[in-house]
Amino acid sequence: MDYLIGVEIVEDTDEAMTLEIMLDYKRMSTMQILQRMFSIDRSMLLDLGKALKNMDTDLAKDIIAREKEIDRLYFLVVRQLKGAVEYQQIAEKLGIESQRDCLGYRIVVKVLERIADHIENIAKSYIRLSDIQKETQLDEFIDLTNDVVATFEKSVQALFTRNDEMAETVFDELKKVEKSHSDISKGLFKIEDIQSAILMKTMLDSLDRIASYSGDLAEVAINMSTEIS
């Protein structure tokens with residue numbers, strides 16, 4: 001799939017995979033692709049929690065492989081937005097109500113791409129950590145991952161529905177994540193193995209960045225809801 005230009009996975013379940021030939025970048029709306037990117041990011045995050053809980057490095061490797069699909073979709077959306085900015089007809093065909101929204105969508109697609117990068121980074125760090133410590137207990141990381149998932153879901157829901165009130169609550173969720181990040185970070189100083197501590201700090205910081213990106217999505221949601229009110 002990596003080298004099949006124009007072929008995208010539009011649905012992937014345990015029972016079937018649906019592919020679509022997308023040589024024409026206008027065949028799917030921008031929102032459909034963003035929703036697909038969110039779905040992949042979310043599944044990667046949820047599986048990350050499972051991998052940490054079950055000490056499953058194979059699942060972590062599968063998470064890493066999925067990041068490539070996000071990259072393909074990212075470049076597709078960037079191509080769409082470039083056309084939408086230049087031509088109103090293309091914007092309308094892509095479901096973009098106003099060309100002013102292109103800036104917001106440009107931020108969103110970059111955020112979704114960066115979130116996938118950080119999930120990949122966590123998975124890679126976890127695999128290296130498991131090589132050092134076969135029975136690593138990461139209960140606090142699992143709890144934090146669950147909180148990050150919830151914050152991410154809320155920010156995206158606020159964005160897709162342009163609900164500024166819901167978006168505002170995301171910042172309250174971020175305070176909880178920041179406290180957990182601080183508490184876990186302090187505990188890392190007690191770990192004797194320096195390499196393990198560094199890998200865990202890398203994982204922790206990436207989780208914190210994902211949460212921060214959720215805040216960025218909430219800000220876009222607020223800005224877009226203001227434009228239509």
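Here is how the numbers come out for the structure above:
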| read-out | value |
| --- | --- |
| Residue satisfying all of: in the range 123-180; aromatic (Phe, Trp, Tyr) and under 23 Å from THR30 (Cα atoms); surrounded by the most Cβ atoms within 10 Å (Cβ to Cβ) among these | PHE152 |
| Pair list, Cβ < 9 Å and 6+ apart or interchain, from the range 60-75 residues that are in contact (Cβ under 8 Å) with a residue 12 or more places away in the chain to residues that are of a type in the set (Ser, Thr, Tyr) | ALA60/TYR126; ALA60/SER130; ILE63/SER43; ARG66/SER43 |
| Residues of the range 1-56 classified as surrounded by 11 or more Cβ atoms within 10 Å (Cβ to Cβ), modelled with pLDDT of 55 or more and part of a loop (DSSP other than H, G, I, E, B), total | 7 |
| Among residues of the range 134-151, those that are more than 23 Å from MET37 (Cα to Cα), touching a residue at least 60 places away in the same chain (Cβ under 8 Å) and either of a type in the set (A, V, I, L, M) or in a helix (DSSP H, G or I) (or both), counted | 2 |
| Residues located in the range 34-56, provided they are free of Cβ contacts under 8 Å to residues at least 60 places away in the same chain and under 18 Å from THR161 (Cβ atoms) | ARG36, SER39 |
| Breaking point among (1) touching an Asp or Glu at 6+ places or on another chain (Cβ under 8 Å); (2) free of Cβ contacts under 8 Å to residues at least 12 places away in the same chain; (3) of a type in the set (Val, Ile, Thr), for ILE194 | (1) |
| Residue match in the range 57-78 (condition: farther than 27 Å from ILE222 by Cβ, touching a Ser or Thr at 6+ places or on another chain (Cβ under 7 Å) and surrounded by 14 or more Cβ atoms within 10 Å (Cβ to Cβ)) | yes |
| Criterion: farther than 16 Å from LEU138 by Cα, at pLDDT below 95 and either crowded, with 21+ Cβ neighbours inside 10 Å or among the hydrophobic types (A, V, I, L, M, F, W, C) (or both) - qualifying residue of ILE191, ILE210, ILE228 | ILE228 |
| Residues of the range 79-104 satisfying the condition of being without any contact (Cβ under 8 Å) to a residue 12 or more places away in the chain and buried (at least 20 other Cβ atoms within 10 Å of the Cβ) | ALA91 |
| Matching entry among LYS154, LYS186, LYS176 (being part of a helix (DSSP H, G or I) and free of Cβ contacts under 8 Å to residues at least 12 places away in the same chain) | LYS186 |
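The values are calculated or read from the model by the stated rules, or taken from the named source; none is laboratory data. Every value quoted in this text rests on a predicted model; they were computed, and no experiment measured them. Reconstructed Cβ throughout: ideal geometry from the backbone, glycine too, with neighbour counts over all protein chains shown.
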